[in-house]
Structure formats: structure tokens, C-alpha cells
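One structure below.
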2 protein chains.
Amino acid sequence: MTHLIAIGGSDAGISAALRARELDPATEVTVVVADEYPNFSICGIPYYFTGEVQPWQSLAHRTAADLEATGMRLRLNTYATGIDVSGHRLEVRNPDGQIEELAYDELMVGTGALPSHAGIAGLDRLGPEDGVHVIHSMGDTFALDRDLTDRQPQSAIIVGAGYVGLEMAEAFTVRGLRVTQLQRGSEVLSTLDPELGALVRDEIEAHGVEVVTDTTVTGIEKTPAGLTVTGTHRGEPIQRTADLVLVVVGVRPNTELLEQAGATLGAGRAVVVDEWMRTGLPHVWAAGDGIITHHRLLGVTYLPLGTTSHKQGRVAGENAIGGDARFAGSVGTQVVKVFDLVAARTGLRDHEAEGAGYAAMTTAAAADDHKRYYPGAHPIQFRITGDTRDGRLLGAQLVGRRGTEVSKRVDTYATALYAGLTIEQISDLDLSYTPPLGSPWDAVQVAAQAWSATRASLLV
Amino acid sequence: MTHLIAIGGSDAGISAALRARELDPATEVTVVVADEYPNFSICGIPYYFTGEVQPWQSLAHRTAADLEATGMRLRLNTYATGIDVSGHRLEVRNPDGQIEELAYDELMVGTGALPSHAGIAGLDRLGPEDGVHVIHSMGDTFALDRDLTDRQPQSAIIVGAGYVGLEMAEAFTVRGLRVTQLQRGSEVLSTLDPELGALVRDEIEAHGVEVVTDTTVTGIEKTPAGLTVTGTHRGEPIQRTADLVLVVVGVRPNTELLEQAGATLGAGRAVVVDEWMRTGLPHVWAAGDGIITHHRLLGVTYLPLGTTSHKQGRVAGENAIGGDARFAGSVGTQVVKVFDLVAARTGLRDHEAEGAGYAAMTTAAAADDHKRYYPGAHPIQFRITGDTRDGRLLGAQLVGRRGTEVSKRVDTYATALYAGLTIEQISDLDLSYTPPLGSPWDAVQVAAQAWSATRASLLV
């Protein structure tokens, strides 16, 4: 009987454990979880702070009881401290603080990522008790929740305006805090082209958030007036003070355990794995935010996403018990709701595609989500990137009002990217149409045709 | 300079004309339109009757002025009566009733379809002035509108419960009429499996529509009590009387013109064309509801749909001026909104797939449109059809509440069908996720995984 140990209670570890149990109920599965919150939806945390999700327990994809009912064993509050690869043993610190060794046949490491500090001075000293927060775990969530409740802060500075930063700007605004958002890039949501990021910025500004872009934060300190964040804004010093500071400037892979065991680091200093999720260390698999990501257009990159972790974990779980599954690769599909706007992307942007050797061209288009004569139509803004040599679709970015089905429209492009379709072929797709929900040429096709028309005009 | 004449002011004819003008502004284009309503959205008519679309002019995709601004010439109220293929001349009856001959270099026939009468006695005699209606053109629309306004009918019988029948049941209900819907099949919306059709039936019944399935209507007559519809219901006579009758039992291809010119009829007695939209008659092209449909899973069928007409018309317009475009084929994607429910399908259902030689298996699944912890989540009901031999996706059917992005979720399957993906590959797709709008495994993947699990259990 194989004993599989999965390290990590988040998407990768749990997916691996579930898959192994599903495929072979004879497999003994132990999941080592550093805290007591296995299988929580970290992506859902901002909605706990808006008040839309209550109580916090409902953020669990599955309860501990649900997980145990599948036959896996959970070791909560248990921290993996070392791997003895040749001895097939995992060293852990158990809830009592004791070091213990667990024997395994197969080991799946899903230790994920850690919040980045981006070199901001003060973050090593200041923490939740000072009103300075990160938000990456349920522990962080409880600390922030307590702080909001106990101190009733009136103002917040959010450092970073990526997905989580924007969602938390919404959450703090909904809770009545005055929010200042400091962003290093020239526009918020820098994973989108600035033309579309600007629409997201308009949306949060319309809800009262002060947005300061082109700002590199260098330090945070406690002052009599509160918490003072300092940095540079277009070459000039900048300073903002608020009652609370939240730093959400991305993550870095948590690789210590695998590095010490002899694994190799690659893109983004994440652990190198192959498409079977093999680390190269015998019987040691890895998945999730701690590893490099196979990408269908880029080869290999670092792109930590929950959807990817689920897929990789499933592959690792299957292979750890003798399967032959292969991670098919990400195309980088992402979506975020910010107040009443939805912004999504898949594939590559122009500069990313150029950097990867494609002959990229990007065109903009707007098309209504459904026939304008039917009430409630709204335009969706598109940016389509393709290769001018062979017409291949390389990427798509969409922003539209909530309700315009942006999140599932991006999936059409994501599916086309997976299949390697050309932009011309997007027009061939037999997409659904009824006037309240679409157009005879769906908006995704109108945007594709605009790209094709531009390309044709260049060829003349 | 090429002179292209397109016959038909609906999707196929206009799409051909637009494409020819777009690609070569030197092309002279004339569109012969039987009525005075070119480029109207016939699919939008039900929403004119709900009152959501007003005035009727807004149903035009483009106005006559918009069309003429592209450089095409419109011949309105002009009826094509004959084609002289060898002489390259089209005979028309002009608005004065005069027969006229128009010379062409290329001819694109988009004469569409006509409402089916399904052998119902009385339909040859009774018309709008009697309160008996079909709904296929703007003329029909005005006649029904006048009747509703002038006579103020209190009750309506709708014969047929397909897409248009269901949309009109909603429209009449919204306008305060008592509606009885008579349906030949065992369930409404017989393009879906009855398990899903039943959900649509529940929806219209919840809004007060009386639904009688398994009913073959044989006659309509005027009686002192109103209009009496007679037929058989499960072998027994059935009779219903109402103030107004609407017959929406499908369409038949309008092929007279091409048949007389020597074209061949095929599937559904529609005109045979190849994938370049060639009729076989020199310089005569055809597109739209009057022709057979190339289908990526069936080869050739008859499946009149506006989306298909647009694509075919575009191909015909391009080829008529010397292009080499090819219609990529339909996969039969369709969607309908019925009150607050959205029902969609793409590809083949089980019996259709079996009939076409596939080893079909269909499984049911339900999955939430987004994470349940976030407010407003609703389950989507799925039925997935695949080939048990090679795992290929063959079809998908979805029903969910409005707002669950069913119409764009079916597009993911439609894109996968286009690309010939397996159901396993649906799980590989990098689809978008944020808790308010999806799940780490999107509902479309959960449904695919249910199919795979069933298949795996059969292989054990």
C-alpha cells in the first residue's frame, strides 16, 4: 500500500490528495498542514472583508470532515521542516513543538508562496499589532479582522494595485475606510495593458479610492499621526499617513524545503518540475505556487494561480500513485471583479509576446455584450494580440461591466489558445446567440475581426 | 467591375453584400429585398412584443441608410421571380408590379425559409385578420401587433414550444394574455434532452402558461367562442379555444427560385451547396436558411440559424468576388432565454450522435456558476455527450438561471467542439476564476469530469 504524504493544505496539496484517493482508495494519504485551515479559499478572503461572505468558515472549499471522509488523514498545525530524500522520510514539527519523522513512499510538496515584502523598510519590524498587514493566509485574515474590529481604523493605505490589492480596496471602501492605493506601475492592474487598467482605475476612483501610480514605496513607520508610508513618486518624495497599512505586492515561491532537499530553482526562483510534476528528486513531486509554471505560449515561467495549482496538484496526485498524467500548461487566464467592473486576460500581451519571439500585434475594439436594442447592453473593451506572421491568437484582454459575461467570454479565447487557433478561426466558431445575451457575431468575434482587418490593411 | 446581386435582406444576403463591399469597394453590389425591411433582427421580434424593444425600428441591425453608406444599392419591395443562369440575369417584380431583368456577374441567393404549417388544416384559409398568426417577418410582426392592439385578445394558443414559441409565450404572458402552449413532443424545447426541457417547462408554468405536450394539432377553425384548435393528445382528441392563435412549428427552406434554376435539393429539402457556398450553378452562390448546413460532427444537415447565415453569407460574399473562403461548419450552438432561465446546447445529443455513428454516452451533472460562499450562486444543470471510444467531446447542454453565464459557458464547449478536443482536455483548459464569477474548476470542467469518471467506471 502506497503512503503518499502531501505537504500543504491549500489547492495543490489538497488536489493531489483528493486525486490519489479518488483513483485508488487503497492509497494511504496524509496531508501535512502548517495551520489548522486546510482547503480554504484564499481567493475568497476579500469577500469576507466586504461582508459578503460570512462566517469565515464558509470560505472552506471543503471542511476537515469532508476531507477526512474521502479517507485522507490530516495533520494540522504541523510544519514540514526537512526532507530525507534517500530515507523517504519527512521531518515535521508537530503541534506540541516536537520534531517527528514520517515515512512516505511518495511525497508531494505544495508549500506555495509567501507574501513579498518588495524591500520595504519596516516590514521586518511592523506587524498586525502595529496595524501593518499582509493577507495570504487565514491567520493574516483573522489578524486583520481583529484589527479592524478593535481599532476601528478610519483610513487605510494599500501598497499594490494588483488583483488582491484592488479587491481589498473595494472591501475597505465598502467598510467605510478612506483608501489610498499606492502602485509602483504607471497604471493599476499592471497585468493588463494600461488602456484597460485605466478603466479599472476609473472604477475605483469613482468609488472614492485615492490612487497614486508610479509610486515606489520604500518604508513604513509608526508616527504620532498613525502609520506613515514613504516612497518616491516620479522622482519626488511621497508620503501618506493612515490608520492601517496593507501590503499586497505579490508573492515569492516558498522553496526552502525543496531547496534544502536538493531541488533546482528556475524561473522566478521557483522549483523546477517537469510536466509530470517531478522535481528530479526521487519520489518527490511538487505543485502549486512554489514551482515554475509550464505555459503553452512561453514554455516555462512563474505564474502562481489557484486554477493552475488545482490542475498541477491533480496531475501530481495521479502520478504519485503510478499514473501518467501531464500538466497541459497554463495560458495565464485571470479575471478580477472590482466593484461593478470585470477585467480579464488570457495569453500574452504585446510586449510579452514580442519578448517570447512572436511577431505580435495588438488591436483594440469595443463591442456590446448583447444586441443594443435589448435593454441593458454595455460595451466590452477588448485588446487582442496575435502573430502577424501566421495569424495565431496570442492573447486577449477584456474589461466590461459586471453582467457582460466577460469572465466566460475570456474562456472562449483561453480555449482557442489551448487549441492553437488563429484569430481568423475565432470568426469560424459557432458561438451562441440570443438577443438578450449576445449578437450574431459575438463580441469576441467582432474583436477578432478588428484584428484581422488591421492585419489585412498592413498587408496591402 | 463585378456586379454582385444578393437576393434577400436578411442575415445571409446582407452579410454577403457587406463582405463584398468591405473586401473590394470596386464591387458593385445590389441587394434585392422582398419587403421594405432590410437587415432586421428577426430573433429580436419576441422582445418587441414583451415591450422591451421599442420602437420596432430599433430591431434593425443597420438602417437602410447605414447599408447604403457602405456603397451597396438596395432594391426594396422587389421580389425575385426567376434566374436566367446562362444569361446572367435575375428576373424581379419591382414595387410597381412590373417584371424587370437585372444583369449580374455573380448572384448570391439568400431567400431563407418560410414558416412551416405542419399540415394543420385551416392555416391555408385563416390569417391575421382572423387572429391566426405566424411570425417570421416584419410584416407578420406588424399584423400581430395590430391584432393585439385592435382586438385586445385575452387569451392565446401557441402551437409549438421551440425557441420562438417559448419566447412568444413569455411575451404574451408579459402582456397579460392567458397562454396555452401545445407541443407535439413529450417535452418543451425538444432540441434539448427532456430532463432539461422539463426545467424550461417548470419555468413557463411557474409564470402561468398552460403547457400541453404530446399534442399533435390537426386543425384551427373560427367558432363562436373564438379560435378553436383541435388535435390529438396521447391518442385522445384535444381541443382548446382562445382569442388568438400563433403557429410556430419551425420553418422549411424557401428553395423555389433555386430549384427552378436547376439547383439540387438535399438534407431537409434545402439547396445543396459546398463549403464555398457554390450551388453548382455557374456564378450562383447561396447561403442562409434555404440551404443545407455543413456540420463539423454530422457532415451535412439542415439547421437554419442566424449565426450560421451570417457566416455563410460572409463566405459567399468573399468568394463571389474571387476569394477562397470556406465555411468551417456549424456545431449547432443555440441558446434561448425563457423568463429567468437560460437554456443552451452545442454539438450532438445522445441519439443524434448514435445516429451519426459515434459511440455516444451522456452524463448529467450540476455545478454552481460561482463559489457557493459568495452571494447569488446558482447551480447550472449540464448534460455532456462524448464518444466512449476516443473520449471526444460530442455535445453539451446547459440550463441555468439568467446571470449564470450559461450562454458564454456553452461557447467554451462550442470552441472545444470546433477544435475536436476530448472531454479530458476540457479539464486541461485554463479557464478564468474569481469567486464571484466562477470556481477553480469551472462548472464546465466539473461536468466534463463527471463524464470522465463515468467512463472510467465503465472501463473497470
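The values are calculated or read from the model by the stated rules, or taken from the named source; none is laboratory data. Just so it is clear, the model here is predicted, and its values are computed rather than measured. Cβ sites come from the backbone with ideal geometry, for glycine too, and all protein chains shown count toward neighbours. Side chains are part of the model used for accessible areas, which takes the heavy atoms of the whole protein and leaves out ligands, DNA and RNA. Shrake-Rupley method; radii C 1.70, N 1.55, O 1.52, S 1.80 Å.
In this structure, the pairs whose alpha-carbon distance is over 20 Å, taken from B:K371/B:K408; A:K337/B:K337; B:K337/B:K408; A:K408/B:K337; A:K337/A:K408; A:K371/B:K408, are A:K337/B:K337.
The simple Förster model, with R0 at 25 Å and r as the Cβ-Cβ distance, assigns B:S86 and B:D35 a FRET efficiency of 0.25.
With a Förster radius of 56 Å, plug the Cβ-Cβ distance of A:H351 and B:N77 into 1/(1 + (r/R0)^6) and report the FRET value to the nearest 0.05. With R0 = 56 Å, the Cβ-Cβ based efficiency is 0.55. Counting Cβ atoms of other protein chains within 10 Å of each Cβ in A:15-22 and taking the mean gives 1. Working note: 222 nm ellipticity from helices only, DSSP H runs with n ≥ 4, each -39,500 (n - 2.57), summed and divided by the residues of chain B, gives -8500 deg cm²/dmol to the nearest 500. Straightening the chain between A:H117 and A:T388 buys 93.6 nm, computed as 0.36 nm per residue apart minus the Cα-Cα spacing. Summary for A:P237: label point 7 Å along Cα→Cβ; distances to the equivalent points in the other copies, ascending, 9.9 nm. When only the Cβ of Lys, Arg, Asp and Glu is charged (+1, +1, -1, -1), the dipole of the protein assembly as shown relative to its Cα centre reaches about 120 debye. Cβ under 13 Å from B:T30's Cβ, B:T30 left aside: what net charge do those residues give with Lys, Arg +1 and Asp, Glu -1? Local net charge: -2.
Overall, the range B:303-449 carries a charge dipole of about 420 debye about its Cα centre when +1 sits on the Cβ of Lys and Arg and -1 on the Cβ of Asp and Glu, all other atoms neutral. Taking +1 at the Cβ of each Lys and Arg and -1 at the Cβ of each Asp and Glu, which of B:L90, A:G176, B:V164 sits farthest along the dipole of the protein assembly as shown towards its positive end, judged by Cα position relative to the Cα centre? With unit charges placed on the Cβ atoms, the residue in question is A:G176.
When the square roots of the Cα gyration tensor eigenvalues are ordered a ≥ b ≥ c, the ratio a/c for chain B is 1.5 or more and a/b does not exceed b/c, which makes its shape oblate.
Mean separation of Cα pairs under 8 Å and 6 or more residues apart, divided by the residue count, gives chain A a relative contact order of 13 percent.
Sorted from shortest to longest, the distances between the A:E129 label points of this copy and the other copies are 9.3 nm, with each point 7 Å from Cα along the line through the beta carbon.
Computed over protein heavy atoms with a 1.4 Å probe, the accessible surface of the protein assembly as shown works out to 36 Å² per residue.
Projecting label points 7 angstrom from Cα along Cα→Cβ for B:Q57 and B:A456 puts them 6.1 nm apart. Summary: within chain A, the longest segment free of GluC sites (Glu not before Pro) located in DSSP loops with at most 16 other C-beta atoms within 10 Å is A:37-274. Charges were assigned to the Cβ only: +1 to each Lys and Arg, -1 to each Asp and Glu. The resulting dipole of chain A about its Cα centre is roughly 720 debye.
Computed 3J(HN,Hα) for the range A:71-83, one whole-Hz value per residue from the Karplus formula 6.51 cos²θ - 1.76 cosθ + 1.60 where θ = phi - 60°, is x, 7, 9, 9, 10, 7, 6, 10, 10, 6, 10, x, 10, glycine and proline marked x. Extension gain, A:D324 to A:E101: 0.36 nm times the residue separation minus the Cα-Cα distance gives 77.4 nm.
Sites counted here are trypsin sites (Lys or Arg not before Pro) in a DSSP loop (not H, G, I, E or B) having no more than 12 other Cβ atoms within 10 Å; the longest part of chain B that contains none of them is B:235-388. Length gained on full extension, B:E195 to B:E129: 19.9 nm, using 0.36 nm per residue less the C-alpha separation.
Label-point spacing for B:R73 across the identical copies (point 7 Å from Cα in the Cβ direction), in nm and ascending order: 8.7.
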